[in-house]
Amino acid sequence: MQGSIITRVTLAEELIPVKDALVTVTKEEGGNTVLVAALKTDENGKTQPVFLDTPDTSLSLNPDNKIMPYTPVDIRVDHPGAYSVILKNVQVFPGNVSLLNISLIPLPEGTDEGEEIVDITGQNL
């Protein structure tokens with residue numbers, strides 16, 4: 001099965017869409033970080049969907065199952081003049097389109113770079 005994720009990037013607490021933000025999607029495979037996609041946002045602050053292979057939905061119905069019923073990915077958003085945002089363990093579920101809203105924080109004057117890291121706790125399904 002597949003699931004997908006669309007990222008929407010904004011400024012000013014989701015009021016201003018950010019065009020040309022670089023959105024990088026990676027995942028872990030066999031102990032290595034693998035690039036899944038690198039996309040730019042459009043004039044509405046959105047990326048095209050990123051499609052990912054996901055485990056079968058039936059895994060979430062079995063209480064003895066030890067396999068996560070979703071595919072975790074890391075998403076990094078970069079744009080000049082704003083803190084980079086790194087979201088770890090974003091969950092992509094089979095058969096679903098996930099919309100991830102990210103509101104960037106402008107950098108203070110005289111600062112060239114900075115980042116905010118958010119680690120998302122796994123679902124107990």
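Radius of gyration (Cα atoms) of the chain, expressed as a multiple of 2.2 N^0.38 Å: 1.13. If I take all pairs of Cα atoms in segment 54-95, what percentage of them are more than 17 Å from each other? Summing the P(r) tail past 17 Å for segment 54-95 gives 47 percent. Looking at the chain, the DSSP beta bridges with both ends there are about 70 percent antiparallel.
Note that the chain presents 61 Å² accessible area per residue, ligands and nucleic acids not counted, probe 1.4 Å. Counting Lys +1, Arg +1, Asp -1, Glu -1, what net charge surrounds Lys40 among other residues with beta carbon under 12 Å of its beta carbon? Here the count lands on -2. Placing +1 on the Cβ of every Lys and Arg and -1 on the Cβ of every Asp and Glu, with no other charges, gives segment 1-51 a dipole of roughly 100 debye about its Cα centre. If you run the Gaussian network model on the chain, springs between alpha carbon atoms under 10 Å, then out of Gly114, Gly31, Gly81 the most flexible one is Gly31. Of the accessible area of segment 1-64, computed with a 1.4 Å probe over protein heavy atoms only, carbon and sulfur atoms account for 51 percent.
The values are calculated or read from the model by the stated rules, or taken from the named source; none is laboratory data. Computed from a predicted model, the values in this text were never measured in an experiment. Every residue, glycine among them, receives a Cβ derived from its backbone with ideal geometry; neighbour counts consider all protein chains shown. The accessibility values were calculated without ligands, DNA or RNA, using every heavy atom of the protein model including side chains. Shrake-Rupley method; radii C 1.70, N 1.55, O 1.52, S 1.80 Å.
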